[in-house]
Amino acid sequence: MSDVMIETSGLRKAFGSLEVLRGVDLRVGRGEVVCVIGPSGSGKSTLLRCVNLLEEPTEGKVVVDGAELTDPDADLDAARRHIGMVFQQFNLFSHLTVVENLTVAQRKVLRRGRTEAERIARENLARVGLSEKERAMPAQLSGGQQQRVAIARALAMNPHVMLFDEPTSALDPELVGDVLGVMRQLANDGMTMLVVTHEMQFAREVADRVLFMDGGVIVEQGPPAEVIGAPKQERTRTFLARVL
Ligand code: ADP
Ligand code: MG
């Protein structure tokens, strides 16, 4: 098994004449937690979406867990099974209970039987602290609880890597901590994580490495104490002065 879990090389993405990613070389090691920071429009979400080929790169290579997703013959469905993704909007099925939200993909995609899928659903609801909510409907939950359900749903698929795109940005401030707590636990458990976030405190405490993106390139990267604590690049300093 390779120690590299995610690798992009020469990754470029354009929408028409708009060049959003302009050559991104990213490496995330097995068990590593990498936080991506940067201004709005810098290409953070596009980078994440290229990692699981929700967006098709214009140029360059994406390898996740040893599989080259940019290979025209790649089995994308198989590769995506091992890539969990959590968005700003929780995207729960509003007409299904919490436990049903966690079993649908397990049954359809992984072909698990009902009993096994429900057992794994309960294990993961316990992991995010929501065992008592399994029969609730999403609308009965707070935003923070809904996001924790979305995380549990991703975990129920046994991902090898988790991608988070601003998972706490849509939450009321008092609900952010519980979601970050679940993510912190996940990091401690050894999950490989690529996290786009504006939560600088989280990045400082949990990330092994922080990437600062601007204008579709990685401007600066390194340990959080360096990139957030003592940035070398002017663009990083300007950004941090605005958000800290
Ligand atoms: P970030 O997540 O850093 O805010 P994004 O990756 O969402 O940045 O977007 C980077 C740029 O790409 C923005 O200018 C955005 O408008 C543009 N963009 C993103 N997705 C699309 C799309 N599907 N079609 C056209 N433009 C897009
Ligand atoms: Mg974004």
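Those residues that are touching a helix residue (DSSP H, G or I) at 6+ places or on another chain (Cβ under 6 Å) and away from ligand 2 (no atom under 16 Å from the Cβ), I need them from the stretch 30-52; list them, please. Of everything in the stretch 30-52, just one residue is touching a helix residue (DSSP H, G or I) at 6+ places or on another chain (Cβ under 6 Å) and away from ligand 2 (no atom under 16 Å from the Cβ), namely V33. Scan the stretch 185-203 for residues that are without any contact (Cβ under 8 Å) to a residue 60 or more places away in the chain, closer than 16 Å to A154 by Cβ and open to solvent by 20 Å² or more (accessible area, probe 1.4 Å) and the total you get is 2.
It is to be established whether one or more residues within the stretch 13-21 are buried (at least 23 other Cβ atoms within 10 Å of the Cβ), within 16 Å of ligand 2 (Cβ to nearest atom) and over 20 Å from E199 (Cβ atoms). Scanning the stretch 13-21, I find at least one residue that is buried (at least 23 other Cβ atoms within 10 Å of the Cβ), within 16 Å of ligand 2 (Cβ to nearest atom) and over 20 Å from E199 (Cβ atoms), so the answer is yes.
Every condition in (1) open to solvent by 20 Å² or more (accessible area, probe 1.4 Å); (2) of a type in the set (V, I, T); (3) within 16 Å of ligand 1 (Cβ to nearest atom) is met by T70 except one, and the failing one is (3).
Take the conditions touching a helix residue (DSSP H, G or I) at 6+ places or on another chain (Cβ under 6 Å), surrounded by 23 or more Cβ atoms within 10 Å (Cβ to Cβ) and not basic (K, R) and apply them to V206. Does it pass? Spelling it out, it is not the case that V206 is touching a helix residue (DSSP H, G or I) at 6+ places or on another chain (Cβ under 6 Å), surrounded by 23 or more Cβ atoms within 10 Å (Cβ to Cβ) and not basic (K, R). In the stretch 134-156, the count of residues that are under 14 Å from V34 (Cβ atoms), open to solvent by 10 Å² or more (accessible area, probe 1.4 Å) and in a loop (DSSP other than H, G, I, E, B) is zero. Would you confirm whether or not the stretch 224-244 contains a residue that is on the phi > 0 side of the Ramachandran plot and within 16 Å of ligand 2 (Cβ to nearest atom)? No, there is no match, as no residue in the stretch 224-244 is on the phi > 0 side of the Ramachandran plot and within 16 Å of ligand 2 (Cβ to nearest atom). Within the stretch 67-85, does at least one residue satisfy the condition of being within 16 Å of ligand 2 (Cβ to nearest atom) and touching a Lys or Arg at 6+ places or on another chain (Cβ under 9 Å)? Yes: one or more hits.
Checking each residue in the stretch 30-66 for being open to solvent by less than 20 Å² (accessible area, probe 1.4 Å), under 18 Å from A207 (Cα atoms) and of a type in the set (G, A, S) picks out only G38. The selection criterion, being within 15 Å of ligand 1 (Cβ to nearest atom), on the phi < 0 side of the Ramachandran plot and in contact with a strand residue (DSSP E or B) (Cβ under 7 Å, 6 or more places away or on another chain), holds for K13. Between D189, D165, D178, D172, the distinction of being under 21 Å from L54 (Cα atoms) and acidic (D, E) belongs to D165 only. Restricting attention to the stretch 89-124, which residues are open to solvent by 30 Å² or more (accessible area, probe 1.4 Å), outside any loop (DSSP other than H, G, I, E, B) and hydrophobic (A, V, I, L, M, F, W, C)? Residues satisfying the conditions are V104, A105.
The values are calculated or read from the model by the stated rules, or taken from the named source; none is laboratory data. These numbers were taken from a predicted model, which means no experiment stands behind them. Methodologically, a virtual Cβ is constructed for each residue, glycine included, from the backbone with ideal geometry; neighbour enumeration extends over all protein chains shown. In case anyone asks, the SASA skips ligands and DNA or RNA and just uses the protein heavy atoms, side chains included. Shrake-Rupley method; radii C 1.70, N 1.55, O 1.52, S 1.80 Å.
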